[in-house]
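Encoded as structure tokens, the structure appears first; notes follow it.
The values are calculated or read from the model by the stated rules, or taken from the named source; none is laboratory data. Values in this document were obtained by computation on a predicted structure and should not be read as measured data. Here Cβ is always computed from backbone atoms with ideal geometry, including for glycine, and neighbour counts include all displayed protein chains.
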Amino acid sequence: MEYVLGRGRVLGRECVLGRGSVLGRGSVLGQECALGRGSILGQGSVLGQGSVLGRECILGRGSVLRRGSVLGYWFVLGRGSVLGRECVLGRGSVLGQGSVLGREYVLGRGSVLGRGSVLGREYILGRECVLGRGSVLGRECVLGQGCVLGRECVLGRECVLGRGSVLGRECVLGRECVLGQGCVLGRECVLGRECPRTGECPRTGECPRTLVCPRSVCVSQDGGVS
């Protein structure tokens, strides 16, 4: 048997299922969807019109893909996750339970998002990025290759992190912040909005520019929290 279709599933017209595909009961596929071989859709999963899953992808129960989303092969989506329309996710990516991605999202291969992560629309992540659980990213943010965010970090809209940047847990960056390549911020750092930081962090434990990180909280040179 090449296909397993659970009861109550709905397939729109012109759908394509690779061999060995498994659809849980109550699954819904919009028209012109495509599933690669060996892909598994959990109970009650929904794929919008024109969505494409590569081979051996796994969607947890209750997951939702808006129309036009594209997932590379070996992709894992935790239960209850939601992807906005026209998202593109690279191979081997992993999204934890309850993650939410806004529309027009691009995620590089091998990236990992912890459970409960929330990403705004028009977002770009380079390959092999890691976001801790409960992270929240505003719209139009860009993360370079290999960036790492600790759990419950918050980035305002239009933030840019250079390749290899590392943020400790519970860091907060205001809107339009820019961190240069290889920057390292300690846990619970707070950077104000519209803070241009394009130079490279010397990895000495200090935050870029005028902010000094004395263990847990970034403060400005005059002693106030930025």
Only unsatisfied item for residue 75, checking (1) surrounded by fewer than 23 Cβ atoms within 10 Å (Cβ to Cβ); (2) under 13 Å from the mean Cα position of the chain (by Cα); (3) at pLDDT below 85; (4) of a type outside the set (Lys, Arg), is (1)
Which of the residues spanning the stretch 118-151 are in a loop (DSSP other than H, G, I, E, B) and farther than 17 Å from residue 166 by Cα?
120, 121, 122, 123, 138, 139, 140
Within the stretch 94-107, can one find any residue that is out of contact with any Asp or Glu (no Cβ under 6 Å at 6 or more places or on another chain), over 18 Å from residue 155 (Cβ atoms), at pLDDT 80 or above and of a type outside the set (S, T, N, Q)?
yes
Determine if the stretch 7-30 includes at least one residue that is of a type in the set (S, T, N, Q) and farther than 30 Å from residue 152 by Cα.
yes
Condition met for residue 164 (more than 25 Å from residue 86 (Cα to Cα), surrounded by fewer than 22 Cβ atoms within 10 Å (Cβ to Cβ) and out of contact with any Asp or Glu (no Cβ under 8 Å at 6 or more places or on another chain)):
yes
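Please find, among 80, 60, 92, the residue that is under 14 Å from the mean Cα position of the chain (by Cα) and either of a type in the set (A, V, I, L, M, F, W, C) or within 24 Å of residue 149 (Cβ to Cβ) (or both). Give the derivation first.
Working: 80 fails: under 14 Å from the mean Cα position of the chain (by Cα); 60 fails: under 14 Å from the mean Cα position of the chain (by Cα).
Matching residue, one of 80, 60, 92: 92.
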Test residue 130 against the criterion of being within 15 Å of the chain's Cα centre (by Cα) and modelled with pLDDT of 90 or more, and give yes or no.
yes
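Taking only the stretch 8-22 into account, find how many residues are among the small types (Gly, Ala, Ser), surrounded by fewer than 17 Cβ atoms within 10 Å (Cβ to Cβ) and over 16 Å from residue 66 (Cβ atoms).
1
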Can you tell me which residues in the stretch 23-63 are closer than 24 Å to residue 109 by Cβ, touching a strand residue (DSSP E or B) at 6+ places or on another chain (Cβ under 6 Å) and surrounded by fewer than 20 Cβ atoms within 10 Å (Cβ to Cβ)?
34, 40, 52, 58
For the stretch 188-209, indicate whether the set of residues that are at pLDDT 50 or above and among the small types (Gly, Ala, Ser) is non-empty.
yes
